[in-house]
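For reference, the structure discussed in these notes is given below.
The values are calculated or read from the model by the stated rules, or taken from the named source; none is laboratory data. All values derive from a computational prediction rather than experimental measurement. Here the Cβ positions follow ideal geometry from the backbone for every residue, glycine too, while neighbour counts run over all protein chains shown.
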Amino acid sequence: MKIVIIGGTGLIGSKVVARLTEQGHEAIPASPRLGINTITGEGLAAALEGASVVVDVSNSPSFDYAPALEFFGKSTTNLLAAEQAAGVGHHVALSVVGTKELSESGDLTTTIAGYFWAKAAQEGLIKASSIPYTIVHATQFFEFLKSIADSATDGENVRLPCVRFQPMAADDVAKAVGRVAVGAPVNGVVEVAGPEQFHFDMLIRRFLDASNDPRVVLSDPSARYFGTVVGDGTLVPGDGATLGEIRFDDWLRESLAAAAANAVAV
């Protein structure tokens, strides 16, 4: 089966390409640096020729509202039109658990709510298309925990809301996306998440402690998530979500070992 992965050279995309290739599929990575650009349309028709499935794991280069809305709007519109012309039978898109709630939980221009509004608009375009689809809602990635801590840092303190959190490893995200890509379209949303739930502050504290980061993590009911207000259920999936296999402690041990090995090599 020919499967084209838009954003196929990024964190998730490269893993999806590798996994599908191992399974015997013709997995084609697509990105601007490979001459396939969903914004300009360059190389898109040729890349999609003969494809059965298109997987879109691309992301906006900016998390600001206006550029994110422009990116997802142009990219998705061009991609869906090219898929229609090529006779693609399944469009798979990666999105985020809690997208709707997050898009409505802050000012669009000054918080990350604007980015999630753009993601919601992208989902709307997909749902309105005639192409069968599956949207994968994933929880936050373990790989982004440092960025989350940095965004919540106030001096030497990291202030986080008192909510549940269920992140997952990028490898598990790629596995889930790959599984959806070779399956039948559901014409709806499927949720994927990590195998464990945590309190937000507890997990970030464990991560920073293991990284020998001296910042102090504080549980603050008024704290926000990238500027947005989050409820206790915003960052966790609903019932029926597919759970990954990689536990936080195992991921942390391997990632720290890899970082140490890279430091020695340098």
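Worth a mention:
- All conditions but one from (1) at pLDDT 95 or above; (2) closer than 14 Å to Met202 by Cα; (3) not hydrophobic (A, V, I, L, M, F, W, C) apply to Pro161; the one that does not is (1).
- Applying the condition of being surrounded by 16 or more Cβ atoms within 10 Å (Cβ to Cβ) and of a type in the set (S, T, N, Q) to the range 66-89 and asking which residue is nearest to Ala120 (Cα to Cα) yields Thr76.
- Every pair of residues 6+ apart whose Cβ atoms lie under 8 Å, when the first sits in the range 205-217 and is under 17 Å from Cys162 (Cβ atoms) while the second is of a type in the set (Val, Ile, Thr): Arg205/Val217; Val216/Val158; Val217/Val158; Val217/Ile204
- Residue identified as within 27 Å of Gly98 (Cα to Cα) and free of Cβ contacts under 8 Å to residues at least 40 places away in the same chain among Asp201, Asp239: Asp239
- Criterion violated by Ser95 - all others in (1) touching a residue at least 40 places away in the same chain (Cβ under 8 Å); (2) out of contact with any His (no Cβ under 9 Å at 6 or more places or on another chain); (3) in a strand (DSSP E or B); (4) of a type in the set (Gly, Ala, Ser) satisfied: (2)
- Counted residues, the range 17-61 - those being on the phi < 0 side of the Ramachandran plot, touching a residue at least 40 places away in the same chain (Cβ under 8 Å) and assigned to a loop (DSSP other than H, G, I, E, B): 9
- Any pair with Cβ under 6 angstrom, 6 or more apart, that starts in the range 170-189 at a residue that is of a type in the set (Val, Ile, Thr) and ends at one that is modelled with pLDDT of 95 or more and assigned to a loop (DSSP other than H, G, I, E, B): none
- When Arg33, Arg19 are screened for being under 17 Å from Val180 (Cβ atoms) and surrounded by fewer than 22 Cβ atoms within 10 Å (Cβ to Cβ), only Arg19 passes.
- For Asp150: the one exception among (1) over 24 Å from Gln197 (Cβ atoms); (2) surrounded by fewer than 20 Cβ atoms within 10 Å (Cβ to Cβ); (3) not aromatic (Phe, Trp, Tyr): (1)
- Residue selected from the range 242-264 under the condition β-branched (Val, Ile, Thr) and in contact (Cβ under 8 Å) with a residue 60 or more places away in the chain, by the criterion nearest to Ser105 (Cα to Cα): Thr242
- Residue match in the range 66-81 (condition: charged (D, E, K, R), closer than 17 Å to Gly183 by Cβ and modelled with pLDDT of 95 or more): no
- Filtering Thr109, Thr76 for residues that are of a type in the set (Ser, Thr, Tyr) and part of a helix (DSSP H, G or I) leaves a single hit, Thr76.
Every residue, every condition in (1) surrounded by fewer than 18 Cβ atoms within 10 Å (Cβ to Cβ); (2) under 26 Å from His91 (Cβ atoms), yes or no:
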site: Val182; (1), (2): yes, yes
site: Gly188; (1), (2): yes, yes
site: Val192; (1), (2): no, yes
site: His199; (1), (2): yes, no
site: Met202; (1), (2): yes, no
